[in-house]
Each structure stands twice: as C-alpha cells, then as structure tokens.
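One structure is given below, encoded as structure tokens.
Throughout, read-outs are computed from the coordinates displayed, never taken from laboratory work. It should be emphasised that the depicted structure is a prediction, and the values quoted were computed from it without experimental measurement. Because the Cβ atoms are built from the backbone with ideal geometry, glycine has one as well, and the counts that use them run over all protein chains shown.
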Amino acid sequence: MNIQYLKIALCLVVTPVFQMTAQTKGINDLDPVVEHKIDSIIELMTVKEKVGQMVQYNGSFDVTGIPSDIDSKTKLEKLKNGEVGSMLNVLTAKATREAQQVVMENSRLKIPLLFGYDVIHGYKTMFPVPLGESASWDLEAMQLSASIAAKETAAAGVHWTFAPMIDVSRDARWGRIMEGAGEDPYLNSVIGVARINGFQGGNLDDIATIAACAKHFAGYGFAEAGRDYNTVNVGESELQNAILMPFKAASEAGVATFMNSFNEIDGVPATASSHLQRDILKGEWDYKGFMVSDWGSIAELIPHGFAKDKMQAGELAVVAGSDMDMEGRVYEEALEPLVSQSKIDETLLDAAVRRILRVKFHLGLFEDPYKYSDAKREKEVLLAPEHLVAARDIARKSIVLLKNENEVLPLKKDVKSIAVIGPLADDKDSPLGNWRAQANKNSAVSVLEGIKMAVGSATTINYAKGADLGMGERSFLMPLKINETDKSGFAEAVEAAENSEVVVMVLGEDAFQTGEGRSQTGIKLRGVQQDLLDAVSEINSNIVLILMNGRPLDLSKPNEQVSAILETWFLGSEAGNAIADVLFGAYNPSGKLPVSFPRNVGQEPLYYNQKNTGRPFSDMVTYSGYQDGSREGLFPFGYGLSYTTFEYGKLQLSAEEFSGDATIELSVEVTNTGKVAGKETIQLYIHDLFASRTRPVKELRDFRQITLEPGASKTVNFTISPKTLEFYTANKMWEAEVGEFEVMVGSNSVDLQKVTFQYKN
Ligand code: BGC
C-alpha cells in the first residue's frame, strides 16, 4: 500500500475510530457506526495483519497448557509487527500497559491488544469454586461475585475472562465438574447468565467490567468415563437439550465470546465443527461475538487424526468458524499461505477479524487502549474489604447441610470442648480451590481459625491434623501426591477426640484433586482419611463432618459414621469464617446440591433428569437397575437441609389445560414449621409424558428462594408458559409440544408433589 494513502486513510478512518464512544449495547446488537469503522479498518489490513488479530499468545505468567516454544524475542517482534491480536496470562496494570505499549507504539495499525485470563471464581479475592457457589442457587449473589471478580481483574489490566464454564457435567470422575454449575441444563443456563451479567455488567466499556466467555463449546462435560479430553458421543437431541441449552442462553444474554472445546463429538473435533460453530452458533442463534479456540485445540486436530498437518488443521478450523487460535501456533503459520494458494477465501479472515474487533470496540479499547491498566486503581481494588465481606456471605450461602441427626448442629457457642481434626482442618490453601487466579497462597481462613474466632474463651479446642492429604509441590500442572501410608498423627487425633464433647472432622479433597486434567477413577475419601475417620469414630461418635471437595464424593460409609455432614466445597478466601457461621448458627444453611451424590462410583454418570427407559425400575431382574445395589444416589440433586423445617401446602393449579401462548399459574403455600428463620429453595420440575423425542422423567424448569421467620407462611407462584415446556423437538426447533404434562414442586428432586395438566393447540 502506498504510504501516503495509508496516512490519509488512517486520518480519515482510524482517528475517528479511536475517538468514538464505545457502545453499551450487547454484542449481538450491531451498531452501524461501529460496523462501518470495523469495515474501514479491515480495508486497511494486510493478510498478515488480519491473521495477527486471530492469534493469541500466552504471556509468561501462568502457563495452563503445554508450554510454548517461541522465545520472548520473537514474541516481541511479532507484537511490534501487529501479528498478535490477544494475549493470555499477562497480568498486572504494569505488565498489561507495557505489552499494550509495544503494540501501540510500533505496529502499523495500532489495533489494541486484548488481554484474557482464567478468572473462574475470583481474581485475588476468592469466591467458592463454581460448583460450590452454584449450590447457593442464589443468582443475585453469583452475579455479585462475578462482578467483584470483574472489578479486580479489570483493575489489573485484564479485559476478558475465560468464564463461565457452562458445561453440563454428570460425572463425578471428571475433575472439571468443579468449574461449572453441575448436572442440570436449566440451572447451568440461569447461573451462566447471572455470571455473564456479573462479569460484563450493563456496559462492557465500563472499567469495572470485563468480557465473558461461554465455554467449552461443546460437549466437554460429557467426556466418556469422566476422563478429561475424552471422546463424546451424543446424538442431536441430547446435544441440543442437555448440552447446548446453557450456551443458547449465554448467546442470548450477549456473552462477548465463546470458547470451543478439546473433545470430539461423533467423530468431529468441536474445534473443527462447522455444525456447532457455523450452523448452530453463528447461524441459527445469529451470534455476533467471536470464538476462541481452547489452548492449542486447533493444533490438536492433528493428534485427533482429523488433520494431517498444521495447514489442514488451520483450514479446517477457520472454515468451521474458530476465530482465534489460542496458543496453537497454527493460524500464524497456515492462514497466509492458505489464502495465497487460494485454498481459503480471504473473506473468511475478514469475518473472524470483524468479530474480534467488535469485542475490542465494545470494551472501549479503541478509545483508550490503556484504560484498564491503572496501577493506582489496582492497588485500591484488589482484596478490598467489601470484597471479603461479599466472599464470606456467598460462601456461607453455598454450604449444604446433608445430614443433621438429633439436631447436633448448630453447635452451642459455649460448648466445653471441640476436637478439630483432619488434614484440611487448618489448611489455609485448599479452600482457595483450583483455578485460583491470583489468590495468595495459604491466604484462606482455615476452619480451625474460623472456629477459634467464633467461640468464647470457655471453649477448649483440641486440634490434631491426624494425617496429611496432598503432599509436596501442589500446583496447577503438577501431579498431586497423596499420602497413602503415613498414619503417625492418628494417635494424637484419637486423643483429641476422646477429650472433647464434639468432634469436627475436616476431610475431603486437596484443592488440586479437581480442575483440568484431574479426573479420578474413584470418588471415595482418598489417602488415609477413611482410616482416620474410622479410628476417631470408634472413640467419639459425636462427629460433625465438614467436607471440602470439588466433585460429588462417595459418602456411603462416612454417612453411617457421623452425626452431621456439611458440604462446604472449596469456599474461597473466607472459607473458615463462613463455615463457622453455619456451624454455630449465625447463618442457617440454605444450599442445595447442584449435582447428585452417588452411593458409589459405579453409578456414575448419575443424574436426576434421566430417561424412563423401556424398562423402568422394578424388583425384577430384567429391569433397568443394578443387582448389587440401588440405582438411586445417596443425596439427590436439589437436596439440602436447614436448621428449620418447611412444610409445603397442596399444589394449586389455576387450570388443568391451556393452549397457544396462554399461561397457567401454579401456587403453593410454604410454611416455616421450625424454630428459626430460614431460606428455602422451592423447585419446579416438568415431565412431558409423551413427546417426539423421549423426555427426562423430570426436568428443573424454575425455582424460587424465600426467607421465612418461624411460623410464617408464604404463597409462592409460578407461571407455566409454553417456554416452560419447550425442548428441541423432532422438528429441529425449540418448541412446546401439545400433550399431557406432570408438574412437580418441592424441596429437592425427590421430595415432590405432582399435578397434571394438558397443553393443547
Ligand atoms: C482450558 C480452558 C482455559 C484455557 C486457558 C485450557 O487448558 O481448557 O478452560 O480457559 O486453558 O487457560
């Protein structure tokens, strides 16, 4: 291009672009002015520069995948030449400013870099891991925690999080079950949207918000045998109804980006799937943001056996609609020659670049590429006291009371003596969970600390670790070593239990037992923990078991040994305080399981929204059950106790049939029949009895949370509309089919009342 022309063009087009006020609308609402400016920029770009926008490099801070081989000098040159559009893992206001400067001061077109990072459950202030937080069923609280995470992330110069993960996951063996909202498509949808709204706020251009990313598109949570990255085989009905529902909701909510997934579905790796990315996402759903690959997933088309080399991998991925190559080093090598050899059309690149620039415009980066990188703000915002207050509140809301025999909980604050036992009891690190972003190591409040702060001086605390769980170096990429043999601390633990009125045992998983690549074949307490529980329970059976874990565990044996169980997941920075709040009754537990807890690993994948099969359960042999055990889990989806009790009145349906766009109302009176105030989550499930595609025996379609004083009642109303009934039908569309339905309401997926109605033409 003639340089004189370039200068004029930049003056005419790029200058106004840089001065424009960023848009406040969702990514799917196209603004003609922005689109025009994007056109003008694309017109100026060489093929190399276009490819550059589609390339994402790792910074040097936090490698979450296979380390890249490119040296920093080459990386720097590429940044200077405008051959990189985005970076991940470049953190702090200072580092992001410096990297941005390299691009803004050297590259020809000065298109700002986009910085991305995995902010999964907080940046510095840690909130509960997503599965745990989902147990709160509190959408407002989850939106708040995402907005605080966004505020901290943005203050550290980062524009974009690779969250929320909205992979429906039904398999406790899969380590990444911890990163999502569990087994239910509807719950994943509404929680996903709450998190997207929290991250993105009403205005992406606001310096307190960041772009979100709906991942992993699609099917990643359905990996065979719960083995990470493994093959997925589902048909269209299951794909749409069980897997894609949350992604559709995310697209409609205007999530700025999507990330594709490592797995193949039905023989086609998701990264190269035109069906998923072009036909469904960008076609049917008319989505306007961009698709980033997962780490190296374009290059992985080769080991998948789908592409013979990088050239073919690049071609397949770009044709299929993968817009940005995260650390795959494929697009930078393949796309330019593919265009020059006319193997792909340059308009494919234009379309991808358009989507990427759109997100940069929405973030206001053309207006001021440095606006997020403010060291002063960074200092003020990270770990702000109000963030910790919010973290404690959402943490206690996420705790699920699974068992409370003889009302052993809440403990009295003047209890004479408490034994606090277990490898996780004074662990200040595991509560931070995996995918902990920039959390300071060992910075969580431990359970022991929380208890000490909650009790008065009259209570003696007898602490004994009992045994180690995770040993040696514990980090994102290192395999975790578990203590399988050392029981030398047992005697001290038994003595502590013997001398105490009540025993609080803190067992479960090390933080690095769940997360990426952390699949397991077993889900019992690992290491010597069960032996420790056996030893302690022989001496004192008044045990409150506090569980820390990122996946459903097999609790069959512990459940028989202890009086009470609190499922506390990995609760983040304020874990110990939140747990003490619940232990001593300052907060009445209100969490409900977002995932079924099995009786043993052989039941996995276990989920409540199963199909009936042609042979529903009976005691006969030739039915769909097991001969050596129950087919029901130990604790069902939606389950969770309270320190009070709730009684449900009779379900009232406003009519027994409706049609077209009409609606009917269902109401139920709920009464707090116990002695303390409490929060209840009232769940509504639907069963479409006969349909063009078989439907689950029950499917969550709505829920409400209410708080009731003792003795108080409230009538809860649900509206049932065609939307409540819709699914992806044989007509290949989301619609309600006419017919007979059951609607069930109750306090978990098992304890339900049922009424029926007809939906007619
Ligand atoms: C994970 C993604 C993550 C990416 C970047 C990948 O290994 O699958 O979820 O966002 O790394 O860290």
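Here are the numbers:
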| read-out | value |
| --- | --- |
| ASP702 long-range amide H proximity, modeled H, under 5 Å | LEU684 |
| Student exercise, the range 133-206 dipole from Lys, Arg, Asp, Glu Cβ charges, in Debye to nearest 20 | 160 debye |
| Extended-chain gain in nm, criterion 0.36 nm per residue less alpha-carbon gap, ARG631 and GLU735 | 34.3 nm |
| Amide H contacts of THR231 (H built 1.01 Å from N, under 5 Å, at least 5 apart or other chain) | GLU224 |
| Other-chain or far-sequence residues with amide H under 5 Å of TYR372's (modelled H) | none |
| Cross-link pairs beyond the 24 Å C-alpha cut-off, checked among LYS397/LYS714; LYS379/LYS452; LYS524/LYS698; LYS73/LYS376; LYS78/LYS110 | LYS379/LYS452; LYS524/LYS698; LYS73/LYS376 |
| Using distinct alpha-carbon pairs, which all enter the 1/r mean, Kirkwood radius of the range 111-264 in Å | 15.3 Å |
| Cα-centred dipole magnitude for the range 636-706, charges only on beta-carbon of K, R (+1) and D, E (-1), debye, nearest 20 | 360 debye |
| Helix axis angle, 139-155 relative to the chain longest principal axis, alpha carbon, degrees | 50 degrees |
| Within the chain, percent of DSSP bridges classed antiparallel, to nearest 5 | 55 percent |
| Relative contact order (%) - criterion: Cα under 8 Å, at least six apart; region: the chain | 13 percent |
| Size of charge dipole - the chain - debye, nearest 20, with Cβ of Lys, Arg +1 and Asp, Glu -1, no other charges | 1040 debye |
| Sparsely packed trypsin sites (Lys or Arg not before Pro) within the range 390-446, loop by DSSP, other Cβ within 10 Å at most 11 | LYS416, LYS441 |
| Positive-end residue, the range 227-293 charge dipole about Cα centroid, Cβ charges, pick of ILE280, MET291, ILE243 | MET291 |
| Tilt relative to the chain, helix 185-200 - C-alpha long axis, 0 to 90 degrees, to 10 | 60 degrees |
| Hull volume in cubic angstrom per residue (convex hull over the Cα atoms of the range 318-367) | 86 Å³ |
| Local electrostatic count at ARG704 - Lys and Arg +1, Asp and Glu -1, tallied over other residues with Cβ under 14 Å | -2 |
| Computed [θ] at 222 nm, deg cm²/dmol, the chain (DSSP H ≥ 4; -39,500 (n - 2.57); rounded to nearest 500) | -8000 deg cm²/dmol |
| Cα long-axis angle, helix 310-320 against the chain (0 to 90 degrees, to the nearest 10) | 80 degrees |
| Computed over the range 207-353, the ratio Rg/Rh where both radii use C-alpha atoms and Rh is Kirkwood | 0.96 |
| Positive-end residue of PRO616, PRO594, GLY572, charge dipole of the range 553-620 with Cβ unit charges | PRO616 |
| Contact order relative to length of the range 392-481, as percent, for alpha carbon pairs under 8 angstrom and 6 or more apart | 34 percent |
| Rule-of-thumb Rg ratio for the chain [Cα; 2.2 N^0.38 Å; N residues] | 0.97 |
| Lys/Arg +1, Asp/Glu -1 at C-beta; the chain dipole; positive extreme among ASN731, LEU651, TYR220 | TYR220 |
| Approximate spin-label separation GLU405-GLN341, in nm, with each point projected 7 Å along Cα-to-Cβ | 7.0 nm |
| DSSP-assigned coil residues among chymotrypsin sites (Phe, Trp or Tyr not before Pro) in the range 597-658, each with at most 16 further Cβ atoms within 10 Å | PHE617, TYR623, TYR626 |
| Net charge, TYR607 excluded, C-beta distance under 13 Å - Lys, Arg +1, Asp, Glu -1 | -3 |
| Antiparallel bridge percentage (DSSP; both residues within the range 133-275; nearest 5) | 25 percent |
| Backbone HN-Hα couplings from phi across the range 566-583 [Karplus 6.51/-1.76/1.60, Hz, Gly and Pro as x] | 10, 7, 10, 6, 10, 8, x, 3, 9, 3, x, 5, 5, 5, 5, 4, 7, 4 |
